[in-house]
Structure formats: structure tokens, C-alpha cells
1. Restricting the search to the range 191-223, which residues are among the aromatic types (Phe, Trp, Tyr), in contact with a helix residue (DSSP H, G or I) (Cβ under 6 Å, 6 or more places away or on another chain) and touching a residue at least 40 places away in the same chain (Cβ under 8 Å)?
2. Is there any pair with a first residue in the range 75-97 that is of a type in the set (Lys, Arg) and a second that is open to solvent by 100 Å² or more (accessible area, probe 1.4 Å) and part of a helix (DSSP H, G or I) whose Cβ atoms are under 9 Å apart and which are 6 or more apart or on different chains, and what are they?
3. Looking at the range 186-202, which of the residues that are open to solvent by less than 40 Å² (accessible area, probe 1.4 Å) and among the hydrophobic types (A, V, I, L, M, F, W, C) is nearest to Ala173 (Cα to Cα)?
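The values are calculated or read from the model by the stated rules, or taken from the named source; none is laboratory data. Note that this is a predicted model, so its numbers are computed, not measured. Glycine also receives a Cβ, built like all others from the backbone with ideal geometry; neighbour counts cover every protein chain displayed. Surface areas here come from the heavy atoms of the whole protein model, side chains and all, with no ligands, DNA or RNA. Shrake-Rupley method; radii C 1.70, N 1.55, O 1.52, S 1.80 Å.
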Amino acid sequence: MLRVMNRTAFVVARVRTFVTTAAVAEPPNPAAEAARRARLQLKALGTPQVTPPKRPLTSYLLFAQQERENDPELKKGKVTAHAKTIAKRWNDLSDAQKAVFKQKAETARSHYDRAYATYLSQRTSTDVLIEEKAAHLKKLINPTKIRAKVATDPNRPKRPMTGYVLFVTETLAAPPAEQRRVLGESLEGVTHKERFGKIAKAWGRMSKEDQEPYLSRTKKAFAAYKAEKAAYDAENGVTDTRKEMAKVLNDAVRIKKKAATKKKTAKKAVKKVKKKGAGKKKTAAKKTGAKKTGAKKTGAEKTGAKKTGAKKTGAKKTAAKKTAAKAA
């Protein structure tokens with residue numbers, strides 16, 4: 001009975017172990033895999049020829065920077081830990097004291113605007129592609145982080161509006177009488193949020209026939225946009241650059257995967273060699289043990305033979321003595 005219970009407990013433990021292992025060995029997280037690929041591709045992407053200048057600090061941030069430099073206590077711990085202290089000191093400043101930092105911020109802003117204009121004038125279509133792709137990859141790596149938008153190419157053909165956006169734009173610009181005809185009411189005195197809500201509801205109530213004029217205009221505009229964009233990309237080398245970029249990024253992931261496979265194969269080979277060596281050692285040990293055992297047996301046999309011979313010799317001597325005693 002005790003053996004049966006132990007056997008049952010063993011089976012239950014094995015089942016629990018199997019279930020736990022199966023739960024742990026889940027398929028990889030798609031977001032984590034996308035982030036891993038994005039890191040490899042971002043590393044292989046490189047940097048554009050010209051990069052945007054760093055945005056200047058505001059007057060308050062300039063003050064906070066100065067306070068941290070002058071007060072050693074504010075350098076300890078996290079920046080957020082001393083935010084209230086710095087904010088209180090800023091609020092305690094007079095308007096004249098704040099004006100000094102505001103002037104510094106305005107000067108830094110004017111320098112930034114000039115540097116940014118120079119950056120835009122020197123940037124090529126390839127630089128725009130690299131910046132846009134880098135922003136996309138960084139978003140995959142850290143989706144929650146807020147980053148500045150990449151400036152679009154001003155010479156690139158602009159994407160046309162959708163049918164719904166066309167409807168919204170024209171309705172907002174229409175006179176009150178036209179708004180009453182379309183929406184049933186005027187948008188005068190209505191908040192920005194309420195305006196878009198009313199227009200969205202009106203678009204949802206419209207039949208397909210009423211939406212068709214906006215949708216057909218969008219369809220024609222998109223056809224013209226695609227042709228213009230293809231011509232622009234071909235003229236500025238964007239098409240070829242995009243193909244080369246895709247190849248570089250795909251190769252970055254493929255080469256890394258190939259290297260990982262080789263490393264895994266090498267580990268398996270080393271493990272196999274070690275296992276084979278361990279097997280040879282075991283076989284040699286068994287042979288050595290067998291020899292020792294054989295030697296012991298041979299020694300034991302010899303000792304036994306000697307003892308048997310000694311016994312026989314003793315018996316002969318005893319018999320001879322008895323014979324001699326009888327003869328006397």
C-alpha cells in the first residue's frame with residue numbers, strides 16, 4: 001500500500017513539473033521580438049548627413065539648471081525629487097529676476113530657429129528617409145516615450161485628404177446657412193470639441209450616395225498623388241535608397257540570426273565532444289576496474305592453491321609419521 005502511495009505521489013509531481021515547464025515555455029512576446037529586431041536595425045541604419053539642432057531650454061528650465069549647479073543638495077537623488085523645491089524658488093522670484101532667464105531663453109530660441117532653418121535647407125531626401133525610419137524603430141523599442149516629430153520633406157508631394165477630412169474641412173469653412181442644411185444647426189458659439197462631434201455624427205448619418213462626391217474626389221486626388229510621388233522619388237533617388245535601406249536592415253537581422261545559429265551549433269558540438277570524452281573515460285575506468293578485479297581473482301586463486309598445497313604436504317607428512325610409528 002505504501003509503495004502504491006509513493007508511486008502516485010511521484011506521478012503527480014511529474015505531472016506538475018510538466019505543466020509548469022509547459023507554462024514557462026510560452027511563445028516569445030511579439031512586442032519584445034519586434035523591439036529586438038528594431039535594435040539590430042537601428043544599429044545598422046546609421047545617421048543622416050545633417051542632424052537637427054538640439055531644442056533650447058525654456059526660462060524655467062534654465063533657472064532649474066542653474067539651481068542644480070549652485071546647490072549641491074539638488075544634485076543628490078532623482079531630478080523629480082527636488083521639483084517642488086525648484087518650483088517654489090521660481091515662484092518666489094520677482095518679475096525682474098525672471099526677466100533675466102526669459103531673455104536668455106529668447107536668445108537661445110533665436111539661435112535655434114536659425115540653426116533649424118539651415119538644417120532644413122541642407123537636408124537631403126535620404127536624410128529624411130533615415131530620420132523617419134529611425135523614429136519608427138525607436139517607437140518599436142520604446143512605445144511609451146514621447147519624441148519630437150520628424151520634419152517632413154517640404155518638396156515631397158503632399159498626401160491628399162480623405163473623404164471624411166474633406167467633409168469636415170468644408171463644413172467648418174461653410175457659412176451658417178450651409179451648416180444648418182448639412183448638420184441641421186449652425187456651429188456658431190459651439191466649442192471646438194463639440195463641433196467635431198456634431199460633424200462626425202452627421203457623416204455617420206449620411207448615405208453612401210451623399211458621401212460619394214467626397215470619396216470620388218479623394219480617389220482622384222490619390223491617383224494623382226501616387227503618380228507625382230513616384231516621379232519625385234525616382235528623380236531624387238528615394239526609390240533606390242529605400243530598396244538599399246530595406247536590404248541593409250534585413251541583412252542586419254539575418255546575419256545576427258545566422259551568427260546565433262552558428263553559436264548554438266558550436267555549443268552543441270562542444271557538448272557532444274565532452275559527452276563522448278566522458279563516455280571514453282567511463283569505458284577506460286571499467287576496463288581498469290576489470291583488470292584490477294581479474295588481478296585480485298588471480299592473486300586469490302594463487303593464494304588458495306598455495307594453501308591447498310600446504311595442506312596436502314602437511315597431510316603427507318602426518319601419514320608418513322603414522323606409518324613410521326606403526327613400523328616401530
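1. Tyr214
2. Between residues of the range 75-97 that are of a type in the set (Lys, Arg) and residues that are open to solvent by 100 Å² or more (accessible area, probe 1.4 Å) and part of a helix (DSSP H, G or I), the close pairs are Lys75/Glu69.
3. Result: Leu187.
Residue-by-condition table, conditions (1) of a type in the set (Asp, Glu); (2) not in a helix (DSSP H, G or I):
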site	(1), (2)
Leu166	no, no
Gln179	no, no
Val190	no, yes
Glu194	yes, no
Glu209	yes, no
Glu212	yes, no
Leu215	no, no
Thr218	no, no
Phe222	no, no
